[in-house]
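Below: the structure, in structure tokens.
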Amino acid sequence: MHESGEKFIVSKDFEEKVKKQVEFYFSDSNLQSDKFLWKIYEANDGWVELKTILTFGRMRQYRPEEKVIEALQKSDKLVLSSNNEMIRRKDPVKDFNEVKNTKKRNTLHIEGFPKDLSQEDVENWVNEKIVGELA
């Protein structure tokens with residue numbers, strides 16, 4: 001039980017999901033198009049408060065914070081500050097035009113999924129049926 005009295009269920013793939021989501025937030029393809037995150041990123045030499053990241057819609061499910069920190073410490077793309085309160089990319093951001101051109105070349109439009117399918121289900125399908133075939 002967490003100090004607030006809340007109970008949290010940490011799934012076996014918790015760490016992988018946390019890393020994947022936060023690494024996406026800081027990815028070349030997302031960071032430069034996310035005006036809110038980009039503004040914070042630029043203002044603080046790339047550092048963003050972890051508590052800010054934890055307020056994002058997709059991150060609210062990942063608690064307790066200590067488990068999120070443990071997961072992010074294992075990322076090879078991100079680094080936490082010494083007090084674990086800030087996070088940033090390990091590598092510098094690529095040139096905006098390069099990212100824009102790559103994004104256009106790598107965009108795929110797929111439709112026709114059932115409306116009640118979760119985004120995670122769609123991502124899993126794409127990874128299995130499309131990305132898996134390309135590898």
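Before moving on, here are some points about what is shown:
- Top-ranked residue of region 40-69 - restricted to ones that are of a type in the set (S, T, N, Q) and modelled with pLDDT of 95 or more, ranked as nearest to S81 (Cα to Cα): N44
- Those residues of region 41-63 which are surrounded by 14 or more Cβ atoms within 10 Å (Cβ to Cβ) and either in contact with an Asp or Glu (Cβ under 8 Å, 6 or more places away or on another chain) or of a type in the set (S, T, N, Q) (or both), in sequence order: E49, L50, T52, L54, R63
- Some residue of region 119-129 being surrounded by fewer than 12 Cβ atoms within 10 Å (Cβ to Cβ), over 19 Å from D13 (Cα atoms) and either in contact with a strand residue (DSSP E or B) (Cβ under 7 Å, 6 or more places away or on another chain) or at pLDDT below 90 (or both): yes
- Summed over region 113-130, the residues that are assigned to a loop (DSSP other than H, G, I, E, B), among the hydrophobic types (A, V, I, L, M, F, W, C) and farther than 19 Å from R58 by Cα give a count of 1.
- Total residues in region 22-34, condition more than 20 Å from S75 (Cβ to Cβ) and at pLDDT 95 or above: 0
- Any hit, region 80-88, residues being over 20 Å from D34 (Cα atoms) and modelled with pLDDT under 95: no
- Hits in region 22-60 (condition: within 12 Å of V93 (Cβ to Cβ) and part of a helix (DSSP H, G or I)): D28, S29, N30, L31, L37, W38, Y41, E42
The values are calculated or read from the model by the stated rules, or taken from the named source; none is laboratory data. None of the values given here were measured: they were computed from a predicted structure. With ideal geometry, Cβ positions are generated from the backbone for all residues, glycine too; neighbour counts draw on all protein chains shown.
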